[in-house]
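In what follows, a single structure is set out as structure tokens and then discussed.
The values are calculated or read from the model by the stated rules, or taken from the named source; none is laboratory data. Everything quoted here is computed from the prediction, not taken from an experiment. Don't worry about glycine lacking a Cβ; one is built from the backbone with ideal geometry, like all the others, and counts go over all protein chains shown. What goes into the accessible areas is simple: the full protein's heavy atoms, side chains included, and nothing from ligands, DNA or RNA. Shrake-Rupley method; radii C 1.70, N 1.55, O 1.52, S 1.80 Å.
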Amino acid sequence: MNAPPPFNFAGRMLLVTVATVSFLALLLLLVPALAQDEGEALSKGIGPIESVELGPIDETLVAAGKETFELLCTACHKFEERYVGPPLHRVTERRSPEWIMNMILNPTQMAMEDPIAFDLLAEYMTPMADQSVTEEQARAILEYFRSIDAELPDETP
Amino acid sequence: MSKASWLRLIVAALVITLGVVVVQAQRTQVRVADDAAEHTHVAPGEHDDFYAFLSGGYSGQISVVGLPSGRTLRTIPVFSQWAENGYGYTEETKPLLMTSQGFLAWDDSHHSQLSQTDGVTDGRWVFINGNNTPRIARIDLSTFETKEIIEIPNTGGNHASPFTTENSEYLVSATRFSIPYPQQDIPIADYEGNFKGMISFIAVEPDTGEMSVDFQLLMPGFDYDVSHCGRGPSHGWCFFSSYNTEEAHTLLEVNASQRDKDFVAAVNWQRANECLADGAGESVAARYAHNMIDESSGIASHEMLEEVTLLTPEACSGVVYFLPTPKSPHGVDVDPSGEYIVPGGKLSATIAVHSFSRMLEAIENGAVSGDAYGVPILEFESVLAGEVERACLGPLHNEFDTKGNVYTSCFLTSEIIKWKLGTWEIVDRIPTFYSIGHLLVPGGDSAQPWDTYVVALNKITKDRYLPTGPELAHSAQLIDISGDRMQMLLDFPTQGEPHYGQALPAELVSENSLRIFPLAENTHPFAAKTEDETRVERDGSDVHVYMTAIRSHFAPDVIEGVKLGDTVYFHVTNLEQDWDIPHGFATYGMEGANALIMPGQTLTVKWTPQDVGVFPFYCTDFCSALHQEMQGYIRVSPADSDLALSWSVGE
């Protein structure tokens with residue numbers, strides 16, 4: 001009843017086309033990654049934050065961010081030196097604003113799926129704690145980091 | 001071997017075979033649904049449909065079980081210390097277990113009771129009684145923690161408790177073992193007339209759940225056993241079974257089983273409120289504890305109260321009537337409509353059901369057959385709704401569905417019978433293993449049952465599981481009631497004695513379940529909410545360590561300057577704000593139990609060092625890859641040492 005179908009030229013052509021398109025799509029996907037390697041764009045990480053608009057440093061936001069940071073983060077992070085987690089000086093230069101906020105808001109998935117966060121877990125061994133921070137609080141913490149980094153002298157290579 | 005020996009061997013083999021066949025026949029007479037596994041299988045990662053809150057009986061606790069899987073999800077410590085998480089050992093929770101008799105490490109918990117709104121379980125609180133040293137506890141279902149315990153004065157054995165009115169206006173309590181009132185030094189043989197029962201109404205504050213003893217009703221010295229309150233038309237009344245109307249004080253199994261009928265006491269609490277408003281109550285001296293956890297600090301307070309309002313039947317006519325009930329009734333249950341009052345006539349094979357509307361008519365018509373210590377006894381026939389003839393032996397308790405069916409547990413014949421209100425006909429029966437006590441249908445003692453399962457809560461286990469020596473876990477059995485006939489689905493072991501239980505749809509509780517205690521809202525006076533706030537302070541010979549815990553270190557983790565003779569209080573705050581990341585704390589030689597500290601919470605472990613030296617402390621709950629590194633040292637110097645206090649982390 002179900003005899004094997006005869007050789008299907010159209011079907012074979014479809015397969016070849018799909019393979020070609022897939023290859024091209026893959027190339028396209030690789031382009032941003034290649035660009036990032038050249039230092040042109042930092043990873044945004046994985047999480048709820050897709051883009052952050054940065055303006056001049058907002059001192060009200062800085063004060064709110066400092067308060068939350070001191071309550072929820074200082075048990076593991078210092079600015080100048082490695083503690084339980086990495087030192088935070090110049091973090092706004094190393095990472096994109098989106099990556100920083102996603103790491104604060106979504107540390108568990110980041111550690112599993114984001115290559116940078118995974119490497120950090122491998123180095124520090126203690127997972128970044130999910131401190132149930134709101135998006136608003138995370139944005140304020142980011143502003144606090146920006147204000148700290150703005151005060152640092154320029155690094156000469 | 002001789003011919004006779006062969007014959008003996010063959011006969012013996014036949015007897016053994018026959019015996020095995022008989023045993024197997026007994027075991028297979030239960031209807032087990034063909035697709036039982038499908039009904040009870042909850043796939044990995046999936047959730048149960050119902051929470052069941054089973055009393056732990058003599059464990060003093062509540063266990064939370066998922067239905068239909070029968071999996072134990074959690075133990076909620078209530079009346080007994082619980083070394084697993086430090087309940088009743090930490091400084092914060094010890095005051096919860098204070099009573100007029102001092103600190104008590106144990107009680108006997110019997111009836112879990114879910115709070116209700118409009119007669120329907122609402123998922124806010126579960127209450128449970130302590131039977132031995134009479135108390136009622138309130139468990140908050142957002143945290144699954146015991147938040148409050150109130151002692152019930154003038155009461156011996158708080159068994160008929162804490163059954164609820166339809167909006168949880170009141171929980172009830174009653175004396176199972178009548179005692180002299182007021183307590184006094186008299187011969188036990190002078191029981192008759194001198195011992196009294198007490199029925200108490202515990203008011204529940206509608207927003208906070210806070211409990212208070214609103215009033216007590218002084219009753220004749222019978223044994224008040226179980227209760228349920230009315231709903232719908234019978235809202236405003238509560239019903240209490242009683243036995244030992246013989247007023248025996250010894251060998252009750254014989255002497256309290258003499259009469260053909262005892263009573264169900266029908267108490268009109270709305271009438272009581274009228275009498276109290278008219279000044280019929282009397283304020284009398286009493287000593288009882290009221291203990292409650294403060295929400296933001298997590299610290300329990302303990303206060304002793306000194307008086308209670310007493311009402312007597314003489315001072316308030318119409319407040320209580322006795323309904324004659326065969327024979328030594330145990331349970332008394334009210335159907336979802338509120339019309340039928342169904343006792344479990346423990347020593348009677350017939351179930352006599354009372355009608356609430358006929359009771360009101362009998363009161364109006366004066367259909368009274370006598371009185372007991374001034375309490376009117378209504379004529380049996382005048383309040384009778386109908387009788388279930390030859391029901392079973394040892395009927396104890398009833399639960400209901402929405403179709404007018406009653407499920408009655410029968411202790412002596414180890415079965416559940418299903419029968420119909422109104423026609424009084426038995427429509428089904430199913431054996432249970434063994435010696436069933438209470439039974440539960442989700443919502444089955446409320447205005448809205450869920451017609452899904454009945455759970456048999458059995459007293460005896462015997463051969464149901466692999467043997468574990470002389471002591472066995474109690475057995476519960478899940479039975480499908482969705483069809484015409486009951487179908488056995490599952491056996492599952494329980495913790496302690498599953499004395500009673502209540503269940504409700506999972507979403508009524510799960511959606512309000514708290515994940516963390518917000519650190520910013522922690523008002524514990526010894527909390528260190530950041531590492532900057534950690535410190536060690538001396539107050540005479542008391543040393544207070546303000547400590548924090550986060551993956552994977554304590555701060556401070558090096559402490560020096562403690563001396564022999566000091567008492568050290570480790571106040572540990574868990575700085576985590578992530579769900580299910582507790583830290584535990586224990587130190588060498590501590591006399592209590594470890595403290596399991598939830599995210600954002602502060603708990604205090606008291607330690608009295610016995611020797612000079614350096615002693616480790618560590619995290620007891622595997623919290624991270626570096627959990628093994630989560631440790632610290634405390635140095636204890638001789639009593640006359642002048643070493644100053646010092647503390648640090650990472651230096």
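Can you tell me which residues in the stretch B:518-565 are free of Cβ contacts under 8 Å to residues at least 40 places away in the same chain, within 11 Å of another protein chain (Cβ to nearest Cβ) and under 25 Å from B:Trp579 (Cβ atoms)?
B:Ala520, B:Glu533, B:Thr548, B:Ile550
Considered as a group, the residues in the stretch B:486-495 that are at pLDDT 95 or above and out of contact with any helix residue (DSSP H, G or I) (no Cβ under 8 Å at 6 or more places or on another chain) include one that is farthest from B:Asp34 (Cα to Cα), and that residue is B:Thr494. Condition first: under 37 Å from the mean Cα position of the chain (by Cα), within 14 Å of chain A (Cβ to nearest Cβ), surrounded by fewer than 17 Cβ atoms within 10 Å (Cβ to Cβ) and outside any strand (DSSP E or B). Can you find one or more residues in the stretch B:503-514 that meet it? Checked against the condition, which is being under 37 Å from the mean Cα position of the chain (by Cα), within 14 Å of chain A (Cβ to nearest Cβ), surrounded by fewer than 17 Cβ atoms within 10 Å (Cβ to Cβ) and outside any strand (DSSP E or B), the stretch B:503-514 yields at least one hit.
Against the numbered list (1) over 29 Å from B:Pro336 (Cβ atoms); (2) outside any loop (DSSP other than H, G, I, E, B); (3) among the aromatic types (Phe, Trp, Tyr), B:Phe177 comes up short only at (2). Is it the case, given these coordinates, that B:Thr143 is closer than 26 Å to B:Glu507 by Cα, surrounded by fewer than 20 Cβ atoms within 10 Å (Cβ to Cβ), among the β-branched types (Val, Ile, Thr) and touching a Leu at 6+ places or on another chain (Cβ under 6 Å)? Yes. The residues of the stretch B:313-343 that are open to solvent by 10 Å² or more (accessible area, probe 1.4 Å), farther than 25 Å from B:Tyr407 by Cα and touching a strand residue (DSSP E or B) at 6+ places or on another chain (Cβ under 6 Å), listed by number, are B:Pro313, B:Tyr321.
Conditions (1) in the same structural domain as B:Val375 (by TED's automatic domain parsing); (2) surrounded by fewer than 20 Cβ atoms within 10 Å (Cβ to Cβ); (3) not in a loop (DSSP other than H, G, I, E, B), marked per residue:
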| site | (1), (2), (3) |
| --- | --- |
| B:Ser168 | yes, no, no |
| B:Ser173 | yes, no, yes |
| B:Ile202 | yes, no, yes |
| B:Gln216 | yes, no, yes |
| B:His228 | yes, no, yes |
| B:Pro233 | yes, yes, yes |
| B:His249 | yes, yes, no |
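Here is the figure for the stretch B:580-593: residues that are in a loop (DSSP other than H, G, I, E, B) and either open to solvent by 30 Å² or more (accessible area, probe 1.4 Å) or within 14 Å of chain A (Cβ to nearest Cβ) (or both) total 8. Applying the criterion of at least 2 residues that are open to solvent by 50 Å² or more (accessible area, probe 1.4 Å) to the helices (runs of 4 or more DSSP H) found wholly in the stretch A:77-143 leaves A:91-94, A:107-113, A:115-124. The residues of the stretch B:89-110 that are buried (at least 24 other Cβ atoms within 10 Å of the Cβ) and closer than 30 Å to B:Trp237 by Cβ, listed by number, are B:Asp107, B:Ser109, B:His110. Looking at B:Ser414, B:Ser382, just one residue is open to solvent by less than 40 Å² (accessible area, probe 1.4 Å), over 17 Å from B:Val334 (Cβ atoms) and in contact with a helix residue (DSSP H, G or I) (Cβ under 9 Å, 6 or more places away or on another chain), and that residue is B:Ser382.
Could we say that B:Gln577 is within 14 Å of chain A (Cβ to nearest Cβ) and part of a loop (DSSP other than H, G, I, E, B) here? So B:Gln577 fits the description; yes.
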